[in-house]
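Written below as structure tokens is the structure these notes are about.
The numbers here are math on the coordinates, done by the rules we state, and not lab data. Remember, predicted model here, so these are calculated numbers, not experimental data. Quick reminder, even Gly has a Cβ in these numbers, built from the backbone with ideal geometry, and neighbours come from all protein chains shown.
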Amino acid sequence: MPAWEAHLDALGITRERHRRIATEGALLGGLIQMGFSLDLAIISDGAGQFAILLHALCWVHAERLVHKLIPLNDRQRADQARVRGEIWDLYADLKAYRRNPDPALRPGLEERFDTIFTQRTSYITLDRTLNRLHTHKSELLLVLERPDLVLHTNGSESDIRGYVKWRKISGGTRSDLGKDCRDGFASLKKTCRKLGISFWDYLGDRIKQLGTVPLLPDVIRERALAASATP
């Protein structure tokens, strides 16, 4: 927006990165001012841009740091395998806690977390990785306070998988218009799939202007109302 760009200029914020940060902050502040809930939780792979509001970390991405290590001998390989087993056992119990929250179980789960991520093994790189993960204890165990949260980002990863495949094949688009078209059609295709609507039927209906396939926003609202009405 020209007015916002002029405001940034008046404040002396000229670098592109700083302007982007200021713009993102203003957008978030505007949402909060309009009543956007501060209790909204964001589960991410740890990228800094997602560390806003109530932030939790994906356990799959966290464990991947341990899985990707390359041990140098049998003893290190054994320690790595044992630690990975301990992590996934704890993960399974956190999933069980999510299904049936019991505050009495929290101290034991937190203690197991500390035991796993502060231990010392024969593999110093593994120890350092575990220590790094331990510093994010509150973000990895947020599910103990908010059992409604998922423990991974598999859902969002699945949503962008098609886009990532296209990017690997084509390497990108040749213009901003091409990018907008690609992203728009990718979003429509994924939305149709989630709603159980044939994407090709949807496109044919819109091109021929038949009007037999309902508007996607209307379908989403109807599904949301039906879900909220279900006891």
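Points to keep in mind about this one:
- Degrees, to the nearest 10: 16-33 long Cα axis against longest axis of the chain: 80
- Candidates per trypsin sites (Lys or Arg not before Pro) in region 1-101, loop by DSSP, up to 14 other Cβ within 10 Å: Arg15, Lys68
- If R0 equals 41 Å, the separation of the Cβ atoms of Arg128 and Ala96 corresponds to a calculated FRET efficiency of about 0.85.
- Most mobile listed residue (Val143, Val219, Val164) in the chain, GNM with C-alpha springs under 10 Å: Val219
- GNM top mover of Leu53, Leu126, Leu72 - the chain, alpha-carbon springs below 10 Å: Leu72
- With the charge dipole of the chain set up from +1 on Lys and Arg Cβ and -1 on Asp and Glu Cβ about the Cα centre, the Cα lying farthest toward the positive end among the listed residues Asn131, His61, Phe199 is that of Phe199.
- Centre-to-centre separation between the Cα atoms of region 161-192 and those of region 49-68: 25 Å.
- FRET efficiency estimate (nearest 0.05) - Cβ-Cβ, Arg106 to Arg206, R0 35 angstrom: 0.10
- Here the spin labels are modelled as points 7 Å beyond Cα on the Cα-Cβ line, and at Asp45 and Ile32 they lie 2.8 nm apart.
- A Gaussian network model of the chain, with springs between Cα atoms under 10 Å, assigns the largest mean-square fluctuation among Ala62, Ala22, Ala81 to Ala22.
- Principal-axis tilt of helix 176-195 within the chain, Cα atoms, nearest 10 degrees: 70
- Per residue of the chain, the DSSP helices (runs of n ≥ 4 H) give a summed -39500 (n - 2.57) that works out to -20000 deg cm²/dmol at 222 nm.
- Relative contact order computed over the chain (Cα-Cα under 8 Å; 6+ residues apart), in percent: 15
- Virtual spin-label span in nm between His18 and Thr118, 7 Å along Cα→Cβ: 4.2
- Counting only alpha carbon atoms, the long axis of helix 161-170 and the longest principal axis of the chain meet at about 80°.
- Out-of-range pairs (alpha-carbon distance over 30 Å; input Lys68/Lys95; Lys68/Lys165; Lys137/Lys168; Lys68/Lys137): Lys137/Lys168
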